[in-house]
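Read-outs: derived from the displayed coordinates by stated rules, not from any lab. Note that the structure is a prediction, hence the values are computed from the model and not measured. Cβ placement follows ideal geometry from the backbone for every residue including glycine, while neighbour counts extend to all protein chains displayed.
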Amino acid sequence: MTKFVLDCFYRPAKDLAASRQEFALTNTSSKPLKAFTLAYTALNRAAADAKLENAESFIRIANR
């Protein structure tokens, strides 16, 4: 069974545009984690032009 830990970090800044929300997914098993989908939901919104690193796609379902 593949096990993993998802950590979320909010990096506030005086300028809202410089604030960051970071996610770190750590695989804690010996098996590779592949072909998965990660869904994120929160009270805050990601900007439509948010820059993603180490991600393939971004779909915003609500508040379009």
_Spin-label model distance (nm) - E22 vs T41, 7 Å beyond Cα toward Cβ_ = 2.7
*Could you name the lysines whose alpha carbon sits less than 30 Å from that of K34, not counting residues in the same chain fewer than 8 places away?*
K3, K51
*Given labels modelled 7 Å from the Cα in the Cβ direction, how far is it in nm from L52 to A13?*
2.0
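Restricting to Cα pairs below 8 Å that are 6+ residues apart, what does the relative contact order work out to for segment 4-44? Please round to a whole percent.
This gives 37 percent for segment 4-44.
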